[in-house]
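A quick write-up on the structure given underneath.
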Amino acid sequence: MPIQEPFVPAITQPPITRRNFLHRGGIAGLVASGLTGQFLWPANGPLVAVGATGTNAREVVRNRAPLAASAFYPLPLGAIRPSGWLKGQLEIQAKGLSGHLDETWADVGPNSGWLGGTGESWERGPYFLDGLIPLAWQLDDARLKAKAQKFIDWTLEHQAANGMIGPATNNDWWPRFVMLKSLTQYEECTGDARVIPVMERYFRYQLGELPTRPLRDWGKFRWQDEVLTVLWLYNRTGSAWLLDLARLLHQQGFDWQAQYANFQFKQRMTAEFLKLQEGEGLKDLALSTHGVNNGQAIKAGPVWSLVSGADADRDAVLSMMATLDKYHGLPNGMFSCDEHFAGLDPSQGSELCTVVETMFSLEQSFAITGHASLGDRLERLAFNALPGALTDDMWAHQYNQEPNQVECSLHQKPWTTDGPESNLFGLEPNFGCCTANFSQGWPKFAASLFMLSGAQDATANDGLVAAVYAPCEVNTVLRGTKVKVVEETDYPFRGSVRITVNPALPLGFTLQLRIPAWAAGTTITVNGREEPAPAAGSFAKIDRTWNSGDRVEINFPMQPRVSHWFHDSIAIERGPLVFSHGIGESWVKLRDRGMTADWQVFPTSAWNYALNVDEGAVEKSIAVTESPLGEAPFSAAHAPMRLTVKARKLDAWRAEDGAANPLPQSPVASDLPEETITLIPYAAAKLRITAFPQLKS
Ligand SMILES: [Zn+2]
C-alpha cells in the first residue's frame, strides 16, 4: 500500500519548477509528535530514564574502570525531544527521502541483503538504519519505527551459529561497524533484550577471527567507529575480553595520529599522486587521504584515550582539526574532500557523507574531551554544510557541495576522482553512499543538545551541559530527582536562548552553558539577575539550587563578523551562520528517479562580486534585516534574515566548466559601479558565493 503518492512523471506535466517540486515533496501538513516517558531511580544506578511503555530502561551509562572518564555523557536516545524549528526540520526529513528511501531505492528496499534478500548486502542497509533509528524514535513516528524494526529483527534473528551477523554473502567487517552503531542506538531507545547477547556473540567471534582475517581497507581506516561500540558494550557488561578486542582493533587499524603528527598532504590530491590509474584505489595512500575516512577519524584520538588514558590521545582531535583547517579548511566549516583532500580553494567540494560523519565525530569527541571549540564546529556544520547539501524538502541531496558553487550541472571540473554528477541535487548523484548515510545528520545533532556532566564518582555533583543550541525539551533524572528542561530559542537565527529548569523538587546541580568562541559579550541572567560575564570559548557554570520554573536567559551577540580564507578572501558570519550571496537559480530536471528526481541548477544572475567591507567597523558596512522564521528556515524563501553589503563586480573572475575559477588574490581593484548585494544563510543559497575577494579600501 503506497504511503505517499509517487511523483507524476514530468512528461505528463508542465515543466516542474522548484516551487512545485518542493510542494510535492510535502513540507506541508507536518504532524506534531513527541516521546513521552517516565523516570525511575534504581537502587544502584546513576541515572535511568524509562521509556513510554514503562518497561524499557535507558541509562546514562558512564565509563567503567579501567576506562578513563569522559568529560560529558550523551543522554539516552529519546531523553531529548526536539521542538520549535528543529522539530520541524526533523519532520521535513521524515516526510522527505529519509522517511521513504526504502520505497523508492532498491538498495534499501525489500530485497536488501540486510532483510535476507539478494540485493545490496554491504553498507547501505546499515547506513540507512543509523539515521532512521534516531529520526524515528525522536519523532516517536510509528511508521518509521516499523521500517527500522524490519532490519533490526532480521539482523537479530539471523545470527550465524559462529556469531557472525549480516548477509552471509559478504563477510566484510566494515558494514557491520555501522550495523553495530545502529544496534546501540536501538537498544538505548527500546531496551530490546536481544541486542546485547547478539553483540556479545558477534564480538567474541570477531576476536577469534581477527588474527587470521584482519581489518582491511575501509574497516582498517575506520576502526575507531567499532571501538566506540565495543566500549559501549563493555560499559554495560564489564567483560574484560572486550577491551582485548578494542586493543586488537586499534593495533590492526590505521595510525591516524601518526599521519597527523607528520602531515604530508598539504595540497590538493591528484589522481597521479594517488596512483588511481594503477588500480591502487583502495591502497593506504588513497584511503588515508579520503574525506569520509578522515571525517570519521577525527574521533580516533578521543575514543582511544578512553582505553589508553593518555591526554595526548584525547587532545589529538584539536591538532587534527587545526591541520585540516590549515591545509584544507573551507568557510562552511568543512575540509575539502572531493573526495580526497582538495586544498583551500572554495570552488572545491566536500562530500555529504563527510559532513555527517564529521558531525558524529565531533559529537563523540565533544562528549569525551569537553572542549568547547568542538561544539562550535558542530554547530557550524549542522547549520551550514548539512542543510546546504540538501534541498529544502530533503528529497534530494548533493554528493559534493562547494562554498563557491556557481552552477550544479554535469561537469568534471574541479573534481579529481569524482564523476560529473557530483554537484547535482538528486537521488544518488555520483554514488549512493550519501543517499543512505545523510539521514544521521539532524537526528544525532538533536540527540546531542544536552549532555550529562560529572565525574565517575557517583557522589560528585553531576549536572547538565548545554552542548549545542536549538529548541528542545529534556526529561532526565539527576540524583533521583526528575528534571525537565525546556529550551526555547530561534537560535541560530537569533541570539536569545531561554532555558527553563523544572526539577520535581528543589535540587542543587551545575548547569554548564557552552559559550562559543565568537560570542564575546554574551550576557546571562538567572531569574532576571545578571550572572558574571562569561568567557567566550568556554563554559559558563551556574551552580545553584534549582527550583521549578527557574529561568536562564542567554543573549549571544549577533553582530556580523568577517573571517579570512583562501587568497585572503573574506566570508561574512553572524552567530554560527555563514552567509552567502545567493545567485539566481534555474532548476532543470535531468530525470525522474522514482519518488524523487535529479536536478541541475544553472545561474541566472551575476556572482563575480568583490566586497567592500571596513573590517574596523563591520557593523557600518553590513546591514541586517530580520524576518519571522518560516516552516523551512534554511530555505531562501523563508530566510529569517538578510544582510546587505556594498560590492563591485570583478570582470576577470569567471567560471569554467561550471566551476568558479580560483579567487583572485585580495585585495582587488574594480572600476565597475558599486552595487548593494544581499547575503542569505549559506544553506539557503544553493548557488552561492561564500568566500569573496575584498576590495581595496
Ligand atoms: Zn557519500
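Across the range 315-329, computed HN-Hα scalar couplings (Karplus, 6.51 cos²θ - 1.76 cosθ + 1.60, θ = phi - 60°) run 8, 4, 4, 5, 6, 5, 5, 5, 5, 4, 5, 5, 9, 9, x Hz from first to last residue, x flagging Gly and Pro. Using the Karplus relation 6.51 cos²θ - 1.76 cosθ + 1.60 with θ = phi - 60°, the per-residue 3J(HN,Hα) values for the range 410-416 come to 6, 9, 8, 6, x, 6, 9 Hz, with x marking Gly and Pro. Net charge dipole, the range 632-697: roughly 220 debye, given to the nearest 20, about the Cα centre with Cβ charges of +1 for Lys and Arg and -1 for Asp and Glu.
From most to least packed by mean Cβ count within 10 Å, the peptides 594-602, 678-686, 236-244 give 678-686, 594-602, 236-244.
Taking the average, over residues, of other Cβ atoms within 10 Å as the packing measure, peptides 605-613, 78-86, 159-167 rank 78-86, 605-613, 159-167 from highest down. In terms of its Cα atoms, the range 221-373 spans 48, 37, 27 Å along the principal axes, sorted from long to short. Per the Debye calculation on the range 633-679 with a single equal scatterer at every Cα and no solvent contribution, log₁₀ I(q)/I(0) for q = 0.16, 0.17, 0.30 Å⁻¹ amounts to -0.67, -0.74, -1.05. With one equal scatterer per alpha carbon and no solvent term, the Debye-computed log10 I(q)/I(0) for the range 161-243 at 0.13, 0.17 1/Å reads -0.38, -0.67. Placing unit charges on the Cβ atoms of the charged side chains and taking the dipole of the chain about its Cα centre, the candidate lying farthest along the positive direction among His340, Ile196, Met359 is Ile196. Checking the Cα-Cα distances for Lys283/Lys413; Lys326/Lys541; Lys299/Lys444 against a 27 Å cut-off, the pairs over it are Lys326/Lys541.
Taking each DSSP H run with n ≥ 4 as -39500 (n - 2.57) and averaging over every residue of the chain yields -9000 deg cm²/dmol at 222 nm. Extent along the principal axes, Cα only, for the range 463-564: 49, 25, 22 Å, with the longest axis given first. A Cα-only calculation for the range 57-102 places Rg and Dmax at 16.1, 44 Å. Set the Cα radius of gyration of the range 122-202 against 2.2 N^0.38 Å, with N its number of residues, and you get 1.03.
Seen from a random direction on average, the alpha-carbon convex hull of the chain projects onto 29.4 square nanometres.
Can you tell me the relative contact order of the range 430-553? Whole percent, Cα pairs under 8 Å, sequence separation 6 or more.
Numbers: 239 pairs, mean separation 25.3, N = 124.
So the answer I get is 20 percent.
Rounded to whole numbers, the Karplus 3J(HN,Hα) couplings from phi for the range 682-697 are 2, 5, 6, 9, 6, 10, 7, 10, 10, 9, 10, x, 10, 6, 4, 7 Hz, using 6.51 cos²θ - 1.76 cosθ + 1.60 with θ = phi - 60°, and x at Gly and Pro. Taking every DSSP beta bridge that has both ends in the chain, the antiparallel portion is near 95%. Which whole-number percent is the relative contact order of the chain (Cα, under 8 Å, 6+ apart)? Result for the chain is 14 percent.
Per the Debye calculation on the range 434-508 with a single equal scatterer at every Cα and no solvent contribution, log₁₀ I(q)/I(0) for q = 0.28 Å⁻¹ amounts to -1.30. Diffusion of the range 374-444 by Stokes-Einstein, at 10 °C in a medium of 1.306 mPa s and with Rh set to the Kirkwood radius over alpha-carbon pairs, works out to 124 µm²/s. Using the Kirkwood radius over Cα pairs, work out the Stokes-Einstein diffusion coefficient for the range 582-688 at 25 °C and 0.890 mPa s, in µm²/s as a whole number. Here the translational diffusion coefficient equals 153 µm²/s.
Note on the range 321-471: Kirkwood radius taken over Cα pairs, Stokes-Einstein applied at 25 °C and 0.890 mPa s, translational D equal to 151 µm² s⁻¹.
Here, each number is a calculation from the coordinates, and none is a lab measurement. What you see is a predicted model; the values in this text were computed from it and never measured. Because the Cβ atoms are built from the backbone with ideal geometry, glycine has one as well, and the counts that use them run over all protein chains shown.
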